[in-house]
Amino acid sequence: MHRTMTREDLLLIDSRIRTLGVIAGWLALLLIACVTLSPIQDRPSLAGAQLERFVAFATMGLAFVLGYPRRTLLIVLFVVGSAFMLEAMQLLTPDRHGRLIDAIVKAAGGTCGIATGRLVLLYLRGKIERLRARAEQSAG
């Protein structure tokens, strides 16, 4: 038997998505900072460095948008600022080098993640509205 989702169900799903986004976003930033500022020999490598930078910041941007859906502009400033700040902080470590192209790749990845997150939110919002309309039709 198919059970219609209630408003409470939808609010619970929204709350869980936000919580997961907040946790994932901050964990991603912590991991990125550790990898960015650790000695070069300790840096893990899974793919090409530029691809790793792009994907890491895309993941962080996506997570933050899901966690803080009404703060998109602040998230853009934070993610792009983090990209440039972390690259600049590499200049303070003896074995790392901060490069403008690396910061640009990170900022581009973060921006793409944020845009993807906004698209996901639009899709989910439409899905929720359709479920809500279906529930109202069933009740009425």
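A few remarks follow.
- Placing unit charges on each Cβ (+1 for Lys and Arg, -1 for Asp and Glu) gives the chain a dipole about its Cα centre, and among Val55, Ser45, Leu91 the Cα reaching farthest toward its positive end belongs to Val55.
- Efficiency of FRET between Ala47 and Arg18 - r from beta-carbon atoms, R0 22 angstrom, step 0.05: 0.15
- Dipole moment magnitude, nearest 20 debye, the stretch 54-129 about Cα centre, only Lys, Arg, Asp, Glu C-beta charged: 280 debye
- What the Cβ-Cβ distance of Cys112 and Arg132 gives, at R0 = 35 Å and to the nearest 0.05, is a FRET efficiency of 0.70.
- Dipole magnitude of the stretch 7-135 about its Cα centre (Cβ charges: Lys, Arg +1; Asp, Glu -1), debye to nearest 20: 640 debye
- Amide H contacts of Gly98: Leu91, each under 5 Å away and 5 or more positions distant or on a separate chain (H built 1.01 Å from N in the peptide plane; Pro and chain starts excluded).
- Debye-formula intensities of the chain, expressed as log10 I(q)/I(0) at q = 0.17, 0.19, 0.22 Å⁻¹, are -0.88, -1.02, -1.25 (one equal scatterer per alpha-carbon, no solvent).
- Cα gyration tensor shape for the stretch 45-100, rounded if a/c is under 1.5, else prolate or oblate: oblate
- Against the main long axis of the alpha-carbon atoms of the chain, helix 100-139 sits at an angle near 10°.
- Taking the longest Cα principal axis of the chain as reference, the axis of helix 49-67 is set at about 40 degrees.
Only the coordinates and a few stated rules stand behind these numbers; no lab work does. On a predicted model such as this, the values are computed, not experimentally measured, just so you know. Don't worry about glycine lacking a Cβ; one is built from the backbone with ideal geometry, like all the others, and counts go over all protein chains shown.
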